[in-house]
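First up is the structure itself, then whatever we jot down about it.
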Amino acid sequence: MSGMFRTAGRMKTGYDPDQVDEFFTHARKVYEGAPGEPLSGYDVRRVAFDLVRGGYRPAAVDAALDRLERAFVSRQRAEFVGTHGQQAWLEHLAAQARTLYGRLARPDGERFARGRGGEPSYSTEDVDEVCHRLIEYFDHGQPLGSEELRQITFARRRGSDGYGEAAVDAFLDRAVEVLLGVE
């Protein structure tokens, strides 16, 4: 093993090792304070790597990305609190949470635009169930962690039989960001 992670094997696909190694090297430099291109928890969450034969095992890389994202969010929170105070941080998170409520307040089956044509979409029932869980979290303090939300999967549909994936994914990214800010 010459890289940062174990490989999936010669006959299986995994994440491109060069891309992964380059990203983690860059992230380490940024985290340690090297000048250059900024990097945030959101950037870490949105990074994507090509799949190649013999690449790194995706589960191991994904777990490391989750830890890295937490580290960046924790640092951002500490810097924000150090500059503006704890109350300002809580107000910032509350404002982020409020941006989610427009969708959460909509009726089941109407929270997101439907998928188009034959494009893949997500089960409206599955997505609405996650929205109910978010409502319970925000309104009643029911447990829901960013890791749990990040791991949720939805049954696949086609086109207008489900919600369009891009809008749901963007919404869940914002929800994860809010939960990470609280954790």
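Roughly how compact is the range 13-81, stated as its Cα Rg over 2.2 N^0.38 Å to two decimals? Don't skip to the answer; put the middle values down first.
On the way: Rg = 12.8 Å, N = 69, 2.2 N^0.38 = 11.0 Å.
Expressed relative to 2.2 N^0.38 Å, the Cα Rg reads 1.16.
Could you work out the relative contact order of the chain? I mean the mean sequence separation of Cα pairs under 8 Å and 6+ apart, divided by the number of residues, in percent. Before the final figure, lay out each step's value.
Details: 216 pairs, mean separation 38.5, N = 183.
Relative contact order comes out at 21 percent.
Taking R0 as 25 Å, what's the FRET efficiency between Glu136 and Ala71 from their Cβ-Cβ distance, rounded to 0.05?
Details: r = 28 Å, r/R0 = 1.13.
My answer for the efficiency is 0.30.
Based on the mean of other Cβ atoms within 10 Å per residue, sort peptides 134-140, 84-90 so the most packed one is first. Walk me through the intermediate numbers first.
Numbers: 134-140: 14.9, 84-90: 12.4.
Ranked by mean Cβ neighbours within 10 Å, highest first: 134-140, 84-90.
Which distance in nm do the two modelled labels at Tyr101 and Val52 give, with both placed 7 Å along the Cα-to-Cβ direction?
4.8
Run the numbers for Ile152 and Ala170: contour at 0.36 nm per residue of separation, minus the present Cα-Cα distance, in nm.
On the way: separation 18, 0.36 × 18 = 6.48 nm, distance 1.40 nm.
Extra length available between Ile152 and Ala170 comes to 5.1 nm.
If amide hydrogens are placed 1.01 Å from N in the peptide plane, which non-local residues have theirs closer than 5 Å to the one on Glu119?
Distant-sequence amide H within range of Glu119: Gly159.
Where Rh is the Kirkwood radius over the Cα pairs of the chain, the temperature 4 °C and the viscosity 1.567 mPa s, what D in µm²/s does Stokes-Einstein return?
Working: Rh = 18.3 Å.
Here the translational diffusion coefficient equals 71 µm²/s.
How far is the Cα center of the range 39-110 from the Cα center of the range 114-183, in Å?
14
We did not get these values from a lab; they are worked out from the coordinates using the rules stated. Here the structure is a predicted model, which means the values were calculated and not measured. Reconstructed Cβ throughout: ideal geometry from the backbone, glycine too, with neighbour counts over all protein chains shown.
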